[in-house]
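S.K.: Below you'll find the structure I mean.
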Amino acid sequence: MKIIITDSGLFWNPWNPVLKKYKDLVTVVWLSGAKSTDEYNSFICPQKYFGLGMSMGVGSIVYKNLESELDRLFQMIGVCEDVLFLTDNSIESLYPYLVIKNNSCRVNLHLLASPAWYFEGKKEFRCIKSYCRIYQN
């Protein structure tokens, strides 16, 4: 089994004792294009496409950058292996799951999603709606 988290999510903390316990299983997807530690398995998302970054989900720049390295991502995961994605209220934390889900049926995917369910204002409500729309695809 592999556990995949992103550097943009709340689960990522290099000093997290739970992550350290399973560090051989954990792979950090660095969506920002640079990694900050060599302690964990890493997948660095290239910065091939550039833009304002205003769109979310499948149309976003980060998603397209990650999808452009699909073959390398599959090599990292392996064939017919269980993969657990730990996601949180960051929409970007869903991108690795979506890229693999939308492009393969050969991997057993497991998703642990913790969406944001607070309603503080219009901006947060739009993010929650976007997160739910992405999660349903």
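S.K.: If Lys and Arg each add +1 and Asp and Glu each add -1, what is the summed charge of the other residues whose beta carbon sits under 15 Å from the beta carbon of residue 77?
M.R.: That sum, taken over residues with Cβ under 15 Å, equals -2.
S.K.: Shifting gears a bit: If I take R0 = 35 Å and measure r between the Cβ atoms of residue 15 and residue 106 in this structure, what FRET efficiency does the formula 1/(1 + (r/R0)^6) give, to the nearest 0.05?
M.R.: About 0.50, to the nearest 0.05.
S.K.: Let me ask another. Once the other residues with Cβ under 13 Å from the Cβ of residue 9 are scored (Lys, Arg +1; Asp, Glu -1), what is the net sum?
M.R.: Here the count lands on -3.
S.K.: Further question: Work through the residues other than residue 104 whose Cβ is under 15 Å from its Cβ and net out their charges, Lys, Arg +1 and Asp, Glu -1.
M.R.: -1
S.K.: Here's another thing I want to ask about it. List the aspartates and glutamates whose Cα lies under 16 Å from the Cα of residue 20, skipping any in the same chain that are fewer than 8 positions away.
M.R.: Qualifying aspartates and glutamates at Cα under 16 Å: 7, 38, 39.
S.K.: Please arrange 6, 87 by how many other C-beta atoms lie within 10 Å of their C-beta, fewest to most.
M.R.: 87, 6
Values quoted throughout were computed directly from the atomic coordinates according to the rules given, and no laboratory measurement underlies them. In this text the structure is predicted, and so the values were computed from the model without any measurement. Heads up, the Cβs are rebuilt from the backbone with ideal geometry, glycines too, and the neighbour counts pull from every protein chain shown.
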